[in-house]
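What follows is calculated from the coordinates using simple rules that are stated; it is not laboratory data. Quick caveat: nothing in here was measured; it's all calculated off a predicted structure. Every residue, glycine as well, gets a Cβ built from its backbone with ideal geometry; the counts of neighbours run over all protein chains shown.
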Amino acid sequence: DGGITQSPKYLFRKEGQNVTLSCEQNLNHDAMYWYRQDPGQGLRLIYYSQIVNDFQKGDIAEGYSVSREKKESFPLTVTSAQKNPTAFYLCASSINSLNNEQFFGPGTRLTVL
Amino acid sequence: EDKVVQSPLSLVVHEGDTVTLNCSYEVTNFRSLLWYKQEKKAPTFLFMLTSSGIEKKSGRLSSILDKKELFSILNITATQTGDSAVYLCAVAFRETSGSRLTFGEGTQLTVNP
């Protein structure tokens, strides 16, 4: 089946630890995106990548890092510098950056204790 | 600053009612407006609107865009309990580093039997 997968579904970490969230797609999409969603709020863009080996900061990039070494994969690292990392993280992809329809993965709920 | 505002933020109706959800925006380099439905997990795509005055329809849902007044509405007729969800409005715009979406806060719709 084609689609976007994120793992794990739930993640618990202690404060001060870095954690990496996985996002994989087999849709052959060029563009990929990471969003953060807090309770009762919309999605805020963390980072996006239009093509392999290239990515741009979104609105709330501080305390996060990404890589795009393969077209299919766009992992997000939440570092200890992120002040309030507990949130629901959504990964999305689109055919390319000119095509605005984005398809979303199932999300990872990160809780920092 | 680019901005997307949805109203109301929350709405409770009875099955069979008709609802109208609003989305207004202020963005530079507008490309399109998208509506998504989110039921506790990944948002699912509903509509993408690029031209003013052309209604898009899918079953009991319909949407229209007014690019002069900078808003869109999403109508749901004969609501059902399965329509209960958060409805997200997003605007696609182009910036120097690529095309991306900005989301509104969402409207939480609850349909009671």
| task | Please compute the Cα-Cα pair-distance distribution of the protein assembly as shown with 10 Å bins starting at 0, giving whole percents from short to long. | result | 8, 33, 35, 20, 4, 0
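Write down, largest first, the equivalent ellipsoid semi-axes of chain B in whole Å, where each equals the square root of 5 times an eigenvalue of the alpha-carbon gyration tensor.
25, 14, 12
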| message | Contact order normalised by length for chain B, with contacts defined as Cα pairs under 8 Å and 6 or more residues apart; what percent is it? | response | 37 percent
| query | How many Cβ atoms of partner chains, on average, are near each residue of A:35-46 if near means within 10 Å of its Cβ? | reply | 4
| task | Specify the residue with the greatest mean-square fluctuation among B:88, B:61, B:74, computed from a Gaussian network of chain B linking alpha-carbon atoms under 10 Å apart. | result | B:61
| Counting only other chains, what is the mean number of Cβ atoms within 10 angstrom of the Cβ of each residue in peptide A:94-107? | 5
| task | Determine which residues of region B:28-66 fall in the zone a paramagnetic label at residue B:13 would reach in this model, i.e. backbone nitrogen under 12 Å from the point 7 Å along Cα→Cβ. | result | B:60-62
| Subset of A:57/B:3; B:40/B:68; A:57/B:56 violating a 29 Å alpha-carbon distance limit | B:40/B:68; A:57/B:56
| request: Would you work out which of B:64, B:110, A:11 lies farthest towards the positive end of the dipole of the protein assembly as shown, given +1 charges on the beta-carbon of Lys and Arg and -1 on that of Asp and Glu, about the Cα centre? | output: A:11
| Hey, got the dipole for region A:1-65? About the Cα centre, +1 on K and R Cβ, -1 on D and E Cβ, debye to the nearest 20? | 260 debye
| request: Amide H neighbours of residue A:107 under 5 Å, at least 5 residues apart or on other chains, H built in the peptide plane: list them. | output: A:6, A:91
| task | Find the centroid of the Cα atoms in region A:53-90 and in region B:47-113, then give the distance between the two in whole Å. | result | 27 Å
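Hey, got the average number of other protein chain Cβ atoms within 10 angstrom for residues in A:47-59?
Details: counts 0, 5, 1, 4, 1, 0, 0, 2, 2, 5, 1, 4, 4.
Mean partner-chain Cβ count within 10 Å for A:47-59: 2.
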| Paramagnetic reach from residue B:78 in region B:29-58 [backbone N under 18 Å; point 7 Å along Cα→Cβ] | B:57-58
| task | For residue A:18 paired with residue B:51, estimate the spin-label separation in nm (one decimal), with each label point 7 Å from Cα along the Cα-to-Cβ line. | result | 5.0 nm
| Nitroxide proxy distance, nm - points 7 Å out along Cα→Cβ at residue B:66 and residue A:113 | 5.2 nm
| message | Using Cα springs under 10 Å in a Gaussian network model of chain B, which residue among B:77, B:96, B:50 shows the largest mean-square fluctuation? | response | B:96
| message | Students often forget the sequence filter, so: which aspartates and glutamates lie under 12 Å Cα-Cα from residue A:83 once same-chain residues fewer than 8 apart are removed? | response | A:15, A:62
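Using only the C-alpha atoms of region A:27-72, find the volume of their convex hull and express it per residue in Å³.
Per-residue hull volume (Cα only) is 79 Å³.
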| remark: Highest mean packing first, using Cβ neighbours within 10 angstrom, the peptides A:36-49, A:69-82, B:3-16 sort as A:36-49, A:69-82, B:3-16
| remark: Under the 7 Å Cα-to-Cβ spin-label approximation, residue A:28 and residue A:62 lie apart by a distance in nanometres of 4.2 nm
| If you place +1 on the Cβ of every Lys and Arg and -1 on the Cβ of every Asp and Glu, how big does the dipole about the Cα centre of the protein assembly as shown come out, in debye to the nearest 20? | 320 debye
| field | Dipole magnitude (debye, nearest 20) for chain B, charges at Cβ of Lys, Arg, Asp, Glu | value | 360 debye
